[in-house]
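The values are calculated or read from the model by the stated rules, or taken from the named source; none is laboratory data. Here the structure is a predicted model, which means the values were calculated and not measured. Counting neighbours? That spans all protein chains shown, and the Cβs are built from the backbone with ideal geometry, glycine included.
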Amino acid sequence: MMVRVVAYATLRKYLESPLGEPVEVELPEGAQLADLIRQLGMPIAEVKQAFLNGRRAHLQQALREGDKVALFPAVAGG
Amino acid sequence: MGVGSLEYLKARLRQQARCVRDRTGRVVAVLESRTVCAIAEETGWSLRDVERTALSQDLVPIRYWRNMGLWGCCGQVRLLESRALVAGLGGLGGLATELLARAGVGELVLVDGDRFEESNLNRQLLATGDTVGRSKAVAAAERVRAINPAVQVIPVVGKVEELGDDLLAGAGVVLDCLDNFPSRYCLQARCRKLRRPLVSAAIGGSMAQVMTVLPGDPGIEALYGPQPPGEGGAELVLGTPPATPAAAASWQAQEAIWLLLGRPPALRRRMLCLDLESGCCEVLSLG
């Protein structure tokens with residue numbers, strides 16, 4: 001199945017998308033968010049916020065064809 | 001009718017207002033700042049009371065004229081009667097304070113225990129060659145008075161952890177402009193306990209996140225869990241450049257204004273994410 005992924009801040013470097021367009025990623029059926037993060041080569045401890053189709057998601061959440069994923073590190077600066 | 005009476009004040013304001021046409025051709029009765037100041041001095045009423053009284057008669061102090069299109073005289077009176085508390089007076093809080101003072105929020109509690117440092121000069125509106133080494137709260141209060149002397153400012157040189165309940169409880173809205181997780185968690189917990197609305201922003205590099213948390217709503221723990229995920233985040237690596245906090249603080253100030261006006265905020269139970277490098281902008285649901 002194919003999912004679309006955007007990543008922000010320190011996680012952007014794991015996706016090749018300079019203008020921030022969602023990157024399409026092919027995953028096996030039944031894959032979870034954590035599988036996607038591993039496949040992208042992101043250290044899982046660095047992913048502090050994950051959103052699936054615009055809603056807050058857990059790393060064990062199962063993905064479906066066409067899902068849109070947004071990934072963020074922690075951010076606290078002012 | 002005594003010089004100090006409300007009737008006299010109203011009459012003086014009507015007398016001194018001048019009628020002009022706005023850019024759509026509509027006639028508006030306006031008051032210049034020097035007129036407002038002179039009437040305050042003559043009658044003994046505070047600047048804020050003079051402005052409120054003027055607005056309640058549809059006489060517009062010129063400094064608020066360009067606000068009228070979005071919230072009108074009634075909204076402006078409501079803002080002048082409101083109090084906002086800004087926690088943290090750095091990149092986010094400096095600009096948020098500036099915008100709230102210009103909007104005409106009547107009372108501002110400005111909280112920061114730090115002094116300006118040279119490393120603040122890249123982004124913090126209130127950091128200048130003259131303010132480096134000075135208290136951020138004191139410098140912010142001076143800035144507000146210079147922008148809008150009708151605003152009552154309460155500078156608090158201290159940490160949010162030490163802030164009195166009375167100051168938080170009296171705020172119509174609280175702005176989280178802090179720069180570390182433990183203080184952000186503490187402020188949110190205290191706002192929840194005192195049932196105060198909170199508008200929180202955080203930045204790292206070119207990315208900003210902004211969310212509005214009303215009592216009972218999911219907040220920072222919806223993102224990171226019940227405990228702070230450390231001291232800081234991506235900003236430790238990507239830094240805090242000039243434009244990102246300004247973008248986030250603008251959203252924060254407008255959210256605070258909607259809340260003070262009693263209007264629905266744009267970012268309740270939602271989080272705005274902006275990236276000024278990729279151009280990405282999305283609003284995500286916090287459930």
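Looking at the range B:78-86, is at least one residue free of Cβ contacts under 8 Å to residues at least 60 places away in the same chain and touching a helix residue (DSSP H, G or I) at 6+ places or on another chain (Cβ under 8 Å)?
Yes: the range B:78-86 contains one or more residues that are free of Cβ contacts under 8 Å to residues at least 60 places away in the same chain and touching a helix residue (DSSP H, G or I) at 6+ places or on another chain (Cβ under 8 Å).
Looking at the range A:1-19, which of its residues are in a strand (DSSP E or B), of a type in the set (A, V, I, L, M) and surrounded by fewer than 16 Cβ atoms within 10 Å (Cβ to Cβ)?
Matches in the range A:1-19: A:M2 only.
Between residues in the range A:58-77 that are more than 12 Å from chain B (Cβ to nearest Cβ) and touching a residue at least 60 places away in the same chain (Cβ under 8 Å) and residues that are among the acidic types (D, E) and surrounded by 13 or more Cβ atoms within 10 Å (Cβ to Cβ), which pairs lie under 9 Å by C-beta distance while being six or more apart or on different chains?
A:L63/A:D35
Just to be sure, is B:G232 at the interface with another protein chain (Cβ under 9 Å from one of its Cβ atoms), farther than 15 Å from B:Q252 by Cβ and not hydrophobic (A, V, I, L, M, F, W, C)?
yes
Step by step: first the residues of the range A:20-57, then only those that are away from chain B (no Cβ under 14 Å) and exposed (fewer than 13 other Cβ atoms within 10 Å of the Cβ), then the one that is nearest to B:P229 (Cα to Cα). Which residue is that?
Result: A:G41.
Mind checking whether some residue in the range B:29-51 is farther than 19 Å from B:R102 by Cβ, within 23 Å of the chain's Cα centre (by Cα), in a helix (DSSP H, G or I) and outside the structural domain of B:R102 (by TED's automatic domain parsing)?
Scanning the range B:29-51, I find at least one residue that is farther than 19 Å from B:R102 by Cβ, within 23 Å of the chain's Cα centre (by Cα), in a helix (DSSP H, G or I) and outside the structural domain of B:R102 (by TED's automatic domain parsing), so the answer is yes.
Being over 28 Å from B:F181 (Cα atoms) and either within 12 Å of the chain's Cα centre (by Cα) or not charged (D, E, K, R) (or both) narrows it down to one residue among A:V25, A:V47; which is it?
A:V25
Do any helices (runs of 4 or more DSSP H) lying entirely in the range B:60-178 carry at least 2 residues that are more than 19 Å from B:S250 (Cα to Cα) and of a type outside the set (K, R), and which ones are they?
B:68-80, B:136-147, B:165-169
Return yes when B:V138 is modelled with pLDDT of 95 or more and either more than 30 Å from B:R21 (Cβ to Cβ) or in contact with a strand residue (DSSP E or B) (Cβ under 6 Å, 6 or more places away or on another chain) (or both) and no when it is not.
Against the criterion (modelled with pLDDT of 95 or more and either more than 30 Å from B:R21 (Cβ to Cβ) or in contact with a strand residue (DSSP E or B) (Cβ under 6 Å, 6 or more places away or on another chain) (or both)), B:V138 qualifies.
Of the numbered conditions (1) within 12 Å of another protein chain (Cβ to nearest Cβ); (2) modelled with pLDDT of 95 or more; (3) farther than 19 Å from A:I44 by Cβ, B:Q254 satisfies every one except a single condition; which is it?
It fails just one condition, (1).
Give the residues of the range B:193-206 that are more than 25 Å from B:L80 (Cα to Cα) and surrounded by fewer than 20 Cβ atoms within 10 Å (Cβ to Cβ), sorted by residue number.
Of everything in the range B:193-206, just one residue is more than 25 Å from B:L80 (Cα to Cα) and surrounded by fewer than 20 Cβ atoms within 10 Å (Cβ to Cβ), namely B:K193.
So if I check each of B:A208, B:A189, which one is over 25 Å from B:E81 (Cβ atoms), within 12 Å of chain A (Cβ to nearest Cβ) and at pLDDT 95 or above?
B:A208 is the lone residue from the list that is over 25 Å from B:E81 (Cβ atoms), within 12 Å of chain A (Cβ to nearest Cβ) and at pLDDT 95 or above.
So for the range A:27-37 (the condition being among the hydrophobic types (A, V, I, L, M, F, W, C) and at pLDDT below 95), does at least one residue qualify?
no
Residues are listed down the side, and each one gets a yes or a no for (1) over 20 Å from the mean Cα position of the chain (by Cα); (2) crowded, with 17+ Cβ neighbours inside 10 Å; (3) among the aromatic types (F, W, Y):
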residue	(1), (2), (3)
B:T212	no, yes, no
B:G225	yes, no, no
B:G233	yes, yes, no
B:L238	yes, yes, no
B:L260	no, yes, no
